[in-house]
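The values are calculated or read from the model by the stated rules, or taken from the named source; none is laboratory data. Source: prediction; values computed, not measured. So basically every Cβ, Gly included, is an ideal-geometry build from the backbone, and we count neighbours across all protein chains shown.
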């Protein structure tokens with residue numbers, strides 16, 4: 001039985017700016033365009049991002065030991081399977097990846113499928129997800145990590161009853177905020193992560209009101225799901241994101257070439273890569289060096 005993943009486009013910021021979604025049927029690119037993408041390198045510039053590497057930075061950054069172990073096993077099992085099928089070296093440092101292309105934007109197709117029962121298509125899927133060329137859902141496109149992504153996996157089952165889902169999300173988001181009403185630090189880092197520029201001297205009541213006012217501006221399932229994702233983030237990630245932004249503003253984290261650097265350590269090319277790097281267990285000393293910037 002086929003295991004189908006439906007791939008769709010959502011108009012990017014550039015497409016919305018030029019209003020191409022109304023002229024080109026809700027696309028980010030022109031209907032006749034066919035685009036392929038290469039595989040990106042990790043910050044060490046020698047390890048490919050494949051989705052098959054149990055020692056990938058994204059997996060090493062997972063805090064929960066059980067979740068990390070499960071992710072490592074999943075990546076290792078995938079590597080074994082695809083290596084045997086293709087009879088190729090698919091390790092993260094293999095030359096195989098230098099020429100590998102992700103065929104993601106299909107000419108004249110607003111939607112197409114990848115069948116995970118077919119190894120060639122399954123490999124495309126896992127590599128695209130790992131490279132953030134493809135978001136696991138439309139809601140994930142609202143996450144900072146996917147700011148340059150416009151392709152996502154569409155699940156028809158999730159769109160059966162949007163009205164009921166919206167009601168549920170409103171209640172869930174309200175409950176999450178209310179449960180932390182007496183935790184000013186958590187409220188502060190939420191407000192900061194959502195780019196509402198909190199003052200470190202703001203009271204608990206002011207932060208709580210600011211969050212509720214922000215929630216009241218949301219109208220769609222996607223907006224509430226994106227907000228819920230932020231509210232469910234680990235305290236460590238929220239704080240790391242705040243420290244990164246503060247350190248960048250104060251020039252303690254700077255870009256050298258294309259890389260963010262801190263204390264001569266390369267963190268990554270993007271905000272999300274840099275924050276993930278700061279959260280790695282071996283980089284605790286780097287994060288500690290910024291703690292004077294914490295609330």
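Observations, loosely collected:
- When residues of region 108-138 are limited to those that are touching a helix residue (DSSP H, G or I) at 6+ places or on another chain (Cβ under 8 Å) and part of a loop (DSSP other than H, G, I, E, B), the one farthest from residue 51 (Cα to Cα): 138
- Annotation: of all residues in region 152-195 being in a helix (DSSP H, G or I) and closer than 30 Å to residue 103 by Cβ, the one that is modelled with the lowest pLDDT is 159.
- Hey, residue 86 surrounded by fewer than 15 Cβ atoms within 10 Å (Cβ to Cβ), assigned by TED's automatic domain parsing to the domain that holds residue 148, over 23 Å from residue 61 (Cβ atoms) and in contact with a helix residue (DSSP H, G or I) (Cβ under 8 Å, 6 or more places away or on another chain) or not: yes
This table checks each residue for (1) within 18 Å of the chain's Cα centre (by Cα); (2) within 16 Å of residue 276 (Cβ to Cβ); (3) at pLDDT below 90; (4) not assigned by TED's automatic domain parsing to the domain that holds residue 33.
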{"position": "62", "(1), (2), (3), (4)": "yes, yes, no, no"}
{"position": "65", "(1), (2), (3), (4)": "no, no, yes, no"}
{"position": "78", "(1), (2), (3), (4)": "no, no, no, no"}
{"position": "82", "(1), (2), (3), (4)": "no, no, no, no"}
{"position": "105", "(1), (2), (3), (4)": "no, no, yes, no"}
{"position": "131", "(1), (2), (3), (4)": "yes, yes, no, no"}
{"position": "144", "(1), (2), (3), (4)": "yes, yes, yes, no"}
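- In region 94-107, the residue that is farthest from residue 133 (Cα to Cα) out of those that are in contact with a strand residue (DSSP E or B) (Cβ under 7 Å, 6 or more places away or on another chain) and assigned to a loop (DSSP other than H, G, I, E, B) is 106.
- In region 32-47, the residues that are farther than 16 Å from residue 125 by Cβ and outside any loop (DSSP other than H, G, I, E, B): 35, 41
- Within region 153-182, the residues that satisfy the criterion of being in contact with a helix residue (DSSP H, G or I) (Cβ under 8 Å, 6 or more places away or on another chain) and within 20 Å of residue 233 (Cβ to Cβ) are 169, 170, 172, 173, 174, 176, 177, 180, 181, 182.
- Entry remark, region 139-151: residues being free of Cβ contacts under 8 Å to residues at least 60 places away in the same chain and either part of a strand (DSSP E or B) or on the phi > 0 side of the Ramachandran plot (or both) number 0 in total.
- When residues in region 48-58 are screened for being part of a loop (DSSP other than H, G, I, E, B), without any contact (Cβ under 8 Å) to a residue 60 or more places away in the chain and within 22 Å of residue 274 (Cβ to Cβ), 2 of them pass.
- Selection count, region 59-83, where residues are part of a helix (DSSP H, G or I) and surrounded by 17 or more Cβ atoms within 10 Å (Cβ to Cβ): 8
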